[in-house]
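A short worksheet on the structure shown next.
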Amino acid sequence: MTAFYFVAFLSIFFALMTIFTKNPVHSVLYLVITFFTFTVHYIMLNAQFLAVVNFIVYMGAIMVLFLFVLMLLNLNKDTEPMKSNLVKIMGAVAGMCLLATFLGAFRVIELDNGFVTGNSDVGLVKNLGKVLFDEFLLPFELSSILLLTAMVGAILLAKKETKEA
Amino acid sequence: MDHIIQHIQGIPLNHYLIFCSIIFAIGVVGVLIRRNVIIIMMSIELMLNSVNLLLAAFSAYRGDASGQVFVFFVMALAAAEVAVGLAIVIMVYRNTKSVDLESLSKLRW
């Protein structure tokens, strides 16, 4: 139980480091650590499939993509022009207002004071596979088309344009 | 007796709600205060992930697998979004030699 609070603290700390670090490469690395703490959260919820997918897809694929783009554009130094302090303070205040709104809303809604334990077995691969390929078969196939479209679109966008075009 | 064991092992659902909204608010602040497009996309990833964790927590709480299947679809969507978004960033960088959001405020260059 205390493990949850420790890992939650780590997540919040590294998420803050992600958005406040000047160097973009350090920012990506802090985001990787944040995603790793999220994987730990999934393991504590006994969502094994999501933990593995989060580890492979987010930390493996997406973060490597971010790092590759940063190195391709040669941005691994602090060249970013920062916003003025006024805009920064206003952004922080807006975020705090959003958080206050959320917390106020949570005080009003009546949750039945439930406890989330990590001993439900809905997150096992066997159960999720049954649900995914039975009820959610059509969205699954549609998401494969979405990924194909994204792949073709990314290649088309990032390709160097030919001279005569 | 069963309730006491749950009380010791479990985490109140409220704490998951609060934790995920804090991470979401951090993502929103990141979008608002940074000018680098790549870091703004990373903040969007942070927001998506906080929603994912909350969906998984509710799914484990209700004993319903649909929430975790939905997280799977959100992850597929995030992968597609990042691929296309980073391709756009590369193309913009090739044209303007910068990843600053302000450089995109004009409609033609």
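The values are calculated or read from the model by the stated rules, or taken from the named source; none is laboratory data. As the structure is a computational prediction, the values presented were derived from the model and not from experiment. We place every Cβ from the backbone using ideal geometry, glycine too, and count neighbours over all the protein chains shown. Ligands, DNA and RNA are stripped out before the accessible areas are found, and what is left, the full protein with its side chains, is counted by its heavy atoms. Shrake-Rupley method; radii C 1.70, N 1.55, O 1.52, S 1.80 Å.
Things to note:
- Some residue of the range B:59-75 being surrounded by 19 or more Cβ atoms within 10 Å (Cβ to Cβ) and of a type in the set (V, I, T): yes
- Meets criteria (open to solvent by less than 60 Å² (accessible area, probe 1.4 Å) and facing chain B (nearest Cβ under 7 Å)) for A:T39: no
- Qualifying residue in the range A:69-82 (condition: surrounded by 15 or more Cβ atoms within 10 Å (Cβ to Cβ), at the interface with another protein chain (Cβ under 9 Å from one of its Cβ atoms) and at pLDDT 90 or above): no
- Scanning the range A:11-23 for residues being over 14 Å from the mean Cα position of the chain (by Cα) and either open to solvent by less than 50 Å² (accessible area, probe 1.4 Å) or outside the structural domain of A:I43 (by TED's automatic domain parsing) (or both) gives a total of 2.
- Scanning the range A:43-56 for residues that are touching a helix residue (DSSP H, G or I) at 6+ places or on another chain (Cβ under 9 Å) and open to solvent by 40 Å² or more (accessible area, probe 1.4 Å) yields A:I43, A:M44, A:Q48, A:F49, A:V52, A:F55.
- The requirement of being open to solvent by 40 Å² or more (accessible area, probe 1.4 Å), in contact with a Leu (Cβ under 9 Å, 6 or more places away or on another chain) and more than 7 Å from chain A (Cβ to nearest Cβ) is fulfilled nowhere in the range B:25-36; no residue meets it.
- Residue among B:V82, B:V69, B:V92, B:V99 that is more than 8 Å from chain A (Cβ to nearest Cβ) and of a type outside the set (S, T, Y): B:V92
- Condition check for B:S50: modelled with pLDDT of 90 or more, in contact with a helix residue (DSSP H, G or I) (Cβ under 6 Å, 6 or more places away or on another chain), within 7 Å of chain A (Cβ to nearest Cβ) and buried (at least 17 other Cβ atoms within 10 Å of the Cβ): no
- Of all residues in the range B:64-95 being charged (D, E, K, R) and not in a loop (DSSP other than H, G, I, E, B), the one that is nearest to the chain's Cα centre (by Cα): B:E81
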